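Colleague: Below you'll find the structure I mean.
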Amino acid sequence: MLLSPALFISAVLFTLGVAGVLFRRNAIVIFMCVELMLNAVNLTFVALAQSLGMGGQVFVFFVMAVAAAEAAVGLAIILAVYRHKQSVSLQTMNLLKDG
Amino acid sequence: MTGTAVDLIWLPPALALLGFVLNGTLALTRPTAKTLVSVIGAGVLLAAFAASIAVFSAFVGLHADEPVVLRYWSWIPVGTLQGDVALQVDQLSLVMLLVVTGVGSLIHLFSIGYMKEDPGYARYFAYLNLFVFFMLVLVLGASFPVMFVGWEGVGLCSYLLIGFWYNDAANATAGRKAFIMNRIGDFGFMVAMFMIFWSTGSLDFGTVFTHAPNALAAGGRTVTVITLFLFLGCTGKSAQIPLYTWLPDAMAGPTPVSALIHAATMVTAGVYLVARCNLLFAMAPVSSAVVAGVGALTALFAATIALKQWDIKKVLAYSTISQLGYMFLGVGTGAISAGMFHLITHAFFKALLFLGSGSVIHALSGEQDMRKMGALWAKIPTTAKTFLAGTLAIAGIPPLAGFFSKDEILGKTFEHSPGLWLIGFITAGLTALYMFRLVFMTFFGRSRVDHEVEHHIHESPKTMTVPLMILAVLSVIGGWIGWPAALGGSNRFEHFLEPVVAARSSENSWSAHGAAVASHSAETEYGLMLASVLIALVGIWLAYQLYIKNPATPGKLAASWPWLYRIVYRKYYVDEIYDAMFVNRAKDLGTALGVFDARIVDRLGVDGTGWLTRFTSDVSIWWDKWIVDGLVNFAGRVVQIASYPVRMLQTGLFSSYALLIVLGVIILLGYYGHRVMQLLR
C-alpha cells in the first residue's frame with residue numbers, strides 16, 4: 001500500500017529536521033529545519049487521511065497557516081538579532097546564561 | 001470708680017510705660033533722634049505729673065478717710081488667692097506719687113542737658129521712663145504682689161542704669177553687686193508675703209490690714225517674723241545695715257540716675273513699705289525696735305564714712321544712706337508721718353545735691369575727686385548757690401526743709417528712746433560737718449583744678465540750672481508743709497497722713513507703742529530744736545576750721561591716729577569682710593563645683609560612659625562580623641555549592657536545550673511505546 005512508504009518518508013524528513021535543529025548553528029538553517037519538521041508532519045496527516053477520514057487533510061491547512069505566521073515572526077526576529085549582533089549564529093545568543 | 005479725676009490714677013504709670021516703649025523703639029531704630037527722645041522722655045513725665053496733681057486735688061476734694069482701690073483685671077485667680085491688678089489711692093501713695101513724678105520730671109529735664117553728648121541717649125531715657133513706671137507701680141499697687149512687681153522692676157532698672165556705661169567692667173560689676181544685694185532683700189520680702197498670705201489668707205492691703213489684728217497675736221512670734229522679713233527687704237532696697245554696700249558702688253551710673261533712683265525715689269521704697277505696713281509694725285514692738293535701731297546705727301555709721309571720702313558722689317551716697325537711716329529711725333519709733341516727711345524733704349534736697357554735683361562734674365569735664373576741685377563759687381555761681389541751699393537744708397538749718405523733718409524725727413525719737421535720740425543727734429552734727437566739708441572743698445578755698453580742665457569750666461545750660469533752681473526753692477520751702485505746732489504752725493502734713501497712719505492704730509484695740517507715750521512738753525520741744533540747730537552750727541564751724549582756716553589740720557589729725565584714719569577711709573573694711581565671708585566663699589564653692597564637674601562628671605560620667613559605649617560596640621561588632629555575618633555567608637555558600645550541578649545544565653545555548661528536549665521526548669515515547677506494546681501483546 002501507499003501508506004507505509006509515505007510514513008517512512010515523513011519519518012525520514014522529520015528526523016532530518018530534528019538533526020538539523022540540534023546540530024546546525026546558523027539560525028536560518030535551523031528555521032528551515034523547523035519548516036521541514038512541520039511539512040513532515042503534514043505528509044503524515046495527508047497519508048493517514050486516506051484511511052481515517054478527512055480530519056487530517058483539514059488539519060494540514062491549519063498547520064500551513066501557523067507555519068506562515070511562524071515564518072513571518074521568526075524571520076523578523078532573526079533580522080532584529082542580526083541588526084543587533086551582526087551575526088545569525090546561535091552561539092552568540094547566550095544572554096540567558098549567567099556570567 | 002469714684003467718678004472724679006481719681007479714676008485717672010492709671011494715667012501716670014501708663015504714660016511712663018508709653019515713654020519707655022517709644023524711646024525703646026527709637027533707641028533700637030533711630031538712636032540719633034535726640035530731640036524727639038527728649039520731648040517724649042521729659043514730656044510723658046510732665047504729663048504724668050500734671051495727671052498726678054489732678055488726681056491729688058480730686059482726692060483731697062473727696063475728703064476720704066478710706067483708700068480708693070481701683071481694680072482693673074484679675075491677675076492671679078488661684079483658689080483662695082485672688083490677685084487683682086489694682087491701684088490704691090490714699091494719702092500715702094499720693095505723697096509718693098507726687099514725689100516720684102515731680103522730682104522725676106525735674107531730673108528728666110536735667111538729664112536732657114547732662115546726657116546730651118552720650119551715644120546711648122535714647123536708651124538712657126527709655127530706662128529712665130521704665131524706672132518711673134515701675135516706681136509708680138510700686139507706690140500705687142493695692143496689694144503686695146503688685147507692689148512686688150514694681151519693687152523688682154525698679155531693681156532691674158537700677159541695675160540697667162548703674163551699668164549704663166557697660167564698657168567699663170567696674171560699672172558692670174557695680175550693677176551686679178546692686179542687683180545681688182537687692183535679691184537678698186527681695187528674698188525677705190517674698191518670705192514675708194508667703195507668711196502674710198498664710199496667716200491672713202489675702203495679699204490685698206485692705207484685707208490684710210483689716211484681718212491682721214484678729215488673725216495675728218499682737219507682739220506674737222508670727223507678726224514679728226513677718227515684719228522682720230519685710231524689714232530685710234527694706235534693708236536691701238533702702239541700703240541699710242547690713243545690705244548697704246551696694247549704694248556707694250551704684251554711683252558708677254550717670255549722676256541724674258543717682259539723683260532719681262539712688263537718692264530721691266527707689267531707695268526710699270523701704271521706708272514707704274514700712275509706712276504702708278505700719279499697722280503690722282505697730283503690732284510687733286521687737287521689729288519696730290530693730291527698725292529704729294538699725295536706722296540709727298546706719299545713720300551714724302554711714303555719716304562717719306562720709307567724713308573721709310574724696311569722691312563727691314560717694315560722700316553724697318553715704319549721706320543718702322545716713323539720711324535713709326533717719327527715716328527708718330522715724331518709722332521705727334512709730335513716727336510714720338515724720339519718716340515720710342523726711343522722705344519728701346530728702347527727695348528735694350538730695351536730688352538737688354546730686355544734680356548739683358552732676359553740674360559740678362559736668363563743669364569739670366568728668367572730674368569727681370574733691371581733691372582736684374576748689375574755688376568754684378564764682379565760676380559756676382548758679383550751681384554753687386543752689387548747692388549751698390541744699391547743703392543748708394540737709395544740715396538742718398531753719399527754716400529750710402531738712403530742719404523740720406529731721407527735728408520731727410528727733411523729737412519723736414526722744415519721747416521713745418533718748419539713747420537713739422543721742423545717736424541721731426550726733427549724726428546731725430556729722431551731717432553738717434561732712435556736707436560743709438564737701439561744700440568748702442568744692443566751692444571755696446584754693447583751686448586745685450588741673451590746668452587743662454580749668455580752661456573749660458563753664459556754667460551748665462538752662463535745662464540743667466532750671467531744675468536746680470526749682471529744687472533749691474523746694475528745699476527751702478518744702479518743709480513748711482510740716483511746720484510744727486510748737487512753732488505756731490499746724491503740721492498739715494501729719495494731719496494729711498492721719499487717715500492712713502493714726503486711724504488704723506486707733507480703730508484697733510492694740511495701741512501703737514509710739515502713741516502710748518505721752519507727748520512731751522513745749523519746753524522740751526524747744527530745747528531739742530535748739531540743740532539740733534546748735535550741733536549743726538558746730539558741725540559747720542568745725543568744717544570751716546578744718547577745711548578753710550587750717551587746711552593742714554586734717555592731715556595732721558590723720559597722722560596722729562593713722563589706724564583710725566585708715567579704718568574710716570577703707571569704710572570699716574565692710575566690703576573686705578563681706579568679700580572674705582560670702583563672696584570668696586561663694587567663689588570657692590564655684591571652684592569646688594568646677595573641680596567636681598571636671599573630675600567626676602566629665603571624667604567619670606561622660607568619659608566613662610563614652611568608654612563603655614565604645615567597648616560594648618566593639619563586642620557588638622565582633623558578634624556581628626563573625627557570628628551573624630558568618631551564618632549568612634555560610635547559608636549562601638551552601639546554596640552556591642549545592643546548586644553547582646543545576647547550574648552546569650544552564651549553558652544558555654539553544655542547541656543544548658533543544659537536544660535535551662528531544663532526548664526527553666525520545667525517552668517518554670520509548671517508555672509509553674513499550675507500555676503500549678506490552679498491553680497489546
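Just so it is clear, none of the values below were taken in a lab; they were calculated from the coordinates. Predicted, not measured: the structure shown is a model, and the values here were computed from it. Note that we place each Cβ from the backbone using ideal geometry, even for glycine, and neighbour counts take in every protein chain shown.
Colleague: Compute the signed sum of charges (Lys and Arg +1, Asp and Glu -1) over the other residues within less than 13 Å, Cβ to Cβ, of residue B:412. Don't jump to the answer; show the numbers that get you there.
Modeller: Working: positive: B:406; negative: B:407, B:408, B:415, B:494, B:525.
With Lys, Arg at +1 and Asp, Glu at -1, the net is -4.
Colleague: Separate question: Where a Cα-Cα gap under 14 Å defines reach, which aspartates and glutamates qualify for residue B:34, not counting those fewer than 8 residues away within the same chain?
Modeller: Cross-link targets: B:117, B:118.
Colleague: Which of the aspartates and glutamates could a cross-linker bridge to residue B:412, judged by Cα under 15 Å and excluding same-chain residues fewer than eight apart?
Modeller: Reachable aspartates and glutamates: B:494, B:523, B:525.
Colleague: Can you give the average number of partner chain beta-carbon atoms within 10 Å of each beta-carbon in peptide A:14-27, as a whole number?
Modeller: Values: counts 0, 0, 0, 0, 6, 1, 0, 6, 8, 3, 1, 3, 0, 1.
Per residue, the number of nearby Cβ atoms from other chains is 2 on average.
Colleague: Still on this structure: Could you pull out the pairs from B:308/B:372; B:116/B:308; B:350/B:385 whose alpha carbons sit more than 23 Å apart here? Before the final figure, lay out the partial values.
Modeller: Details: B:308/B:372 15 Å; B:116/B:308 32 Å; B:350/B:385 15 Å.
Long pairs (Cα-Cα over 23 Å): B:116/B:308.
Colleague: Give the average, rounded to an integer, of partner chain Cβ atoms located within 10 angstrom of each Cβ in B:260-271. Walk me through the numbers before you get to the answer.
Modeller: Values: counts 0, 0, 0, 0, 0, 0, 0, 0, 0, 0, 0, 0.
The mean count of partner-chain Cβ atoms within 10 Å per residue comes to 0.
Colleague: For B:4, B:265, which order do you get if you count the other beta carbons within 10 Å of each Cβ and list the fewest first? Intermediate values should be presented prior to the final figure.
Modeller: On the way: B:4 15, B:265 28.
Result, fewest neighbours first: B:4, B:265.
Colleague: Can you sort A:33, B:277 from fewest to most other Cβ atoms within 10 Å of each residue's own Cβ? Before the final figure, lay out each step's value.
Modeller: Numbers: A:33 19, B:277 26.
Exposure proxy ranking, most exposed first: A:33, B:277.
Colleague: Enter the angle in degrees (range 0 to 90, nearest 10) between the Cα long axis of helix B:462-477 and the first principal axis of the Cα atoms of chain B, meaning the one along which they spread out most.
Modeller: 50
Colleague: Now for a separate question. Shape verdict for chain B, please, from the Cα gyration tensor: rounded (a/c under 1.5), prolate (a/b greater than b/c) or oblate.
Modeller: Working: a/c = 2.81, a/b = 2.32, b/c = 1.21.
Here chain B falls in the prolate category.
Colleague: Provide the descending list of Cα extents for the range B:411-483 along its principal axes, expressed in whole angstroms.
Modeller: Over the range B:411-483, Cα extents along the principal axes are 55, 29, 13 Å.
Colleague: Then there is this: Give the order of B:237, B:372, B:587, B:571 when sorted by the count of other beta carbons within 10 angstrom, beginning with the fewest. Please report the intermediate quantities before stating the final value.
Modeller: On the way: B:237 28, B:372 15, B:587 11, B:571 20.
Ascending number of Cβ neighbours within 10 Å: B:587, B:372, B:571, B:237.
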